[in-house]
Amino acid sequence: MEAPAKINLYLGVGPLRDDGYHELATVFQALDLADGMTVLPKASGVSLEMDRDGEQVPGRASDNLAVKAARALKKRYKVKHGVEIVISKEIPVAGGMAGGSADAAGALVGCNALWGLGCSNAELAEIAAQLGSDVPFSLHGGTALGASRGEVLTPVLATGEFTWVVATSFTSLSTPEVYAKFDSMHAGRAVPAPKVPPALLAALRKGDQSALGMNLHNDLQPAAIALRPELDLLLEAGRDYGALGAMVSGSGPTCVFLARDDEHGLELAVGLSTTGLCRSARIARGPVPGARTTTIIP
Ligand code: C5P
């Protein structure tokens, strides 16, 4: 299975709600930077194996969102069988690209197929929303508007393909910590209801890269930079290399840069890698579909 990462082309953050979440107006895009996932049949229970960078994933297997997703599906549909989930980690961990949510979406799709449940996307999306705000989009993929806490989705018309450079950080950031920083930076001020600018949607509709680059925006960026000041230097370096747009991805610290084309993307990636300000920089393209089955091992 492929479980793609997401970026927020626009992330408008509104007031803190009574349930501890912030009202959002966001535009998600799924990228071809994806975790590989395999689901293997098992008599009972849910287990997890991580390869490659898996040791970076914090916490115990029972805290892993993919395991929680499989358990939630198993419970809802009273499944007797078990599953072993194998994840080949490509998406930066705690990097603001919904890596954990992607794995949860992959687990829902994979277990649905493995256990022959025949759940519709809408049924999976309902469970997804309970697992985390970004999980429904990780299932959905493409380009979509996200409202409420991010789980209410509307597809967005986007033409063409966009080339991004994804620069990972040496450190991670905790999403609740970044939202808390956002709150402290806005303390005593009324936070207006967020709204996605029509110019950004028009840029996507036309496939106009320059207009998209100019309209990229992330309300969490100042909070992420306050916690990791070096991110500002990395964004500046990307602009110097001619990025059409540069921003922190979600709650960070991964930064994304819009390139003119693959050749420019390569130049940008090499240039950013030499700054010493990021751990790695690589090209990713979007939009791509959401979590999907590529092979089923019976
Ligand atoms: O939904 P999820 O578990 O991914 O959210 C993680 C944390 O991010 C929440 O506990 C909350 O602190 C913050 N968050 C938020 N508003 C949102 C989404 C997430 O404050 N819309």
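Please label the shape of region 88-191 as rounded, prolate or oblate, based on the square roots a ≥ b ≥ c of the eigenvalues of the alpha-carbon gyration tensor (a/c under 1.5 means rounded; beyond that, a/b larger than b/c means prolate, else oblate).
Working: a/c = 1.64, a/b = 1.50, b/c = 1.09.
Because a/c hits 1.5 or more and a/b exceeds b/c, region 88-191 counts as prolate.
Applied to region 239-252, the Karplus parametrisation 6.51 cos²θ - 1.76 cosθ + 1.60 on θ = phi - 60° returns per-residue 3J(HN,Hα) values of 5, 4, 7, x, 4, 6, x, 9, 7, 6, 8, x, 8, x Hz, with x for Gly and Pro.
When the chain is modelled as a GNM with alpha-carbon springs shorter than 10 Å, which of 23, 177, 84 fluctuates the most? With Cα springs under 10 Å in the chain, the top fluctuation among 23, 177, 84 is at 177.
Specify whether the C-alpha gyration tensor of region 201-272 places it in the rounded, prolate or oblate class, a ≥ b ≥ c being the square roots of the eigenvalues: rounded for a/c under 1.5, otherwise prolate if a/b is larger than b/c and oblate if not. Because a/c hits 1.5 or more and a/b fails to exceed b/c, region 201-272 counts as oblate.
Taking amide H as placed 1.01 Å from N in the peptide plane, residue 292 has its amide H under 5 Å from the amide H of 2, each at least 5 places away in sequence or on another chain. Note on the chain: dipole from Cβ charges, positive end direction compared against 166, 83, 184; the farthest Cα belongs to 83. Classified by the C-alpha gyration tensor, region 162-286 has an oblate form. Its axis ratio a/c, with a ≥ b ≥ c, is 1.5 or above, and a/b does not exceed b/c. Seen from residue 217, the other residues with C-beta closer than 15 Å to its C-beta sum to a net charge of +1, counting Lys and Arg as +1 and Asp and Glu as -1. With the charge dipole of the chain set up from +1 on Lys and Arg Cβ and -1 on Asp and Glu Cβ about the Cα centre, the Cα lying farthest toward the positive end among the listed residues 121, 199, 238 is that of 121.
Helix-only mean residue ellipticity at 222 nm, the chain, DSSP H runs n ≥ 4 weighted -39,500 (n - 2.57), per residue, nearest 500. What is it? Mind showing how you got there, number by number?
On the way: 10 runs with 102 residues, N = 298.
My calculation for the chain gives -10000 deg cm²/dmol from helical runs alone.
How about residue 89: which aspartates and glutamates have a C-alpha closer than 15 Å to its C-alpha, ignoring those fewer than 8 places off in the same chain? Cα-Cα hits under 15 Å: 2, 32, 35, 49, 51, 53, 55, 103. The charge dipole of the chain, taken about its Cα centre with unit charges on the Cβ atoms of Lys, Arg (+1), Asp and Glu (-1) only, comes to about 840 debye. Restricting region 170-274 to trypsin sites (Lys or Arg not before Pro) that sit in a DSSP loop and have at most 11 other Cβ atoms within 10 Å of their own Cβ leaves 189, 195. Residue pairs exceeding 30 angstrom between C-alpha atoms, taken from 6/181; 6/68; 74/181: 74/181.
Against the chain, whose longest principal axis is taken from its Cα atoms, helix 262-273 shows a tilt of about 80°.
Cross-link partners of residue 75 among lysines, defined as those whose alpha carbon lies under 20 angstrom from its own and excluding same-chain residues fewer than eight positions apart: 42. DSSP bridge analysis restricted to the chain gives an antiparallel fraction near 85%, rounded to the nearest 5.
In Å², what does the accessible area per residue of the chain work out to with a 1.4 Å probe?
Numbers: 12720 Å² over 298 residues.
Per residue, the chain has an accessible area of 43 Å².
Excluding residues fewer than 8 places away in the same chain, name every one of the aspartates and glutamates whose C-alpha is closer than 15 Å to that of residue 195. In chain and number order, the partners are 23, 219.
Just the protein heavy atoms count here, and of the accessible area of region 219-290 at 1.4 Å, carbon and sulfur take up 53 percent.
The values are calculated or read from the model by the stated rules, or taken from the named source; none is laboratory data. Source: prediction; values computed, not measured. Because the Cβ atoms are built from the backbone with ideal geometry, glycine has one as well, and the counts that use them run over all protein chains shown. Ligands, DNA and RNA are stripped out before the accessible areas are found, and what is left, the full protein with its side chains, is counted by its heavy atoms. Shrake-Rupley method; radii C 1.70, N 1.55, O 1.52, S 1.80 Å.
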